[in-house]
Amino acid sequence: QVQLVESGGGLVQPGGSLRLSCAASGSISSIYVMGWYRQAPGKQRELVAAITTSGSTTIADSVRGRFAISRDNAKNTVDLQMNSLKPEDTAVYYCNAESVITIDFKRSNYWGQGTQVTVSS
C-alpha cells in the first residue's frame, strides 16, 4: 500500500510564503508524476503544479512566477514553494502521485489527505 503524507499548510498573510511538502511511502518502485492540486470551497479541484521523474514541470497560469515545484526522486518527496500568496490561493491543497509502480508491478494513482492553506490578513 502507498501513502502520501502532506505537511506545511497553515495561515499566512497576503504576500507571505509557505512551503508544502509531501512524502510518499510504501512498496514503491517508481513514481512518474508528482504534483499538487487545490480545491477552494464551491470550486472544482484544479492542478497547481506537477513534475515528472525527469524534472519536466507543469505550472498553472494562476500561480506561474509565484509557485515552484521540486521533487527528490530518491526520497519520493515533492515540495511546493509558494511565494507572494494571495487570498485567492486559499484552498485545501492535495498531493498527487500518478503512475506509481509498486514492487509487485502494479500501477495506480494516489492522493494525500489534503492540507489547508489560508491566505488572510
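The values are calculated or read from the model by the stated rules, or taken from the named source; none is laboratory data. The structure presented is a predicted model; accordingly, all values stated were derived computationally and were not measured. So basically every Cβ, Gly included, is an ideal-geometry build from the backbone, and we count neighbours across all protein chains shown. These area figures cover heavy atoms from the full protein model, side chains too; ligands, DNA and RNA do not enter into them. Shrake-Rupley method; radii C 1.70, N 1.55, O 1.52, S 1.80 Å.
Limited to the stretch 99-121, what total is found for residues that are within 16 Å of V48 (Cβ to Cβ) and either in contact with a Ser or Thr (Cβ under 9 Å, 6 or more places away or on another chain) or exposed (fewer than 15 other Cβ atoms within 10 Å of the Cβ) (or both)?
The number of residues fulfilling the criteria is 6.
From the residues in the stretch 44-54 that are in a loop (DSSP other than H, G, I, E, B) and touching a residue at least 12 places away in the same chain (Cβ under 8 Å), which one is nearest to E98 (Cα to Cα)?
Selected residue: T53.
What pairs come out if I take residues in the stretch 1-13 that are closer than 15 Å to R71 by Cβ and pair them with residues that are at pLDDT 95 or above and among the charged types (D, E, K, R) whose C-beta lies under 7 Å away, six or more apart or interchain?
Listed by first residue and then by second, the contacts come to G8/R19.
Only one residue in T118, T77 is polar (S, T, N, Q), over 28 Å from Q1 (Cα atoms) and touching a residue at least 12 places away in the same chain (Cβ under 8 Å). Which one?
Sole residue among the options that is polar (S, T, N, Q), over 28 Å from Q1 (Cα atoms) and touching a residue at least 12 places away in the same chain (Cβ under 8 Å): T118.
Just to be sure I understand, how many residues within the stretch 11-62 are loosely packed, with under 13 Cβ neighbours inside 10 Å and of a type in the set (A, V, I, L, M)?
Result for the stretch 11-62: 1.
Scan the stretch 63-98 residue by residue and report those that are of a type in the set (G, A, S), at negative phi and open to solvent by 40 Å² or more (accessible area, probe 1.4 Å).
Of everything in the stretch 63-98, those that are of a type in the set (G, A, S), at negative phi and open to solvent by 40 Å² or more (accessible area, probe 1.4 Å) turn out to be A68, S70, A74.
Would it be correct to say that D72 is of a type outside the set (A, V, I, L, M), closer than 16 Å to L4 by Cα and free of Cβ contacts under 8 Å to residues at least 24 places away in the same chain?
Judged against the criteria, D72 is a match.
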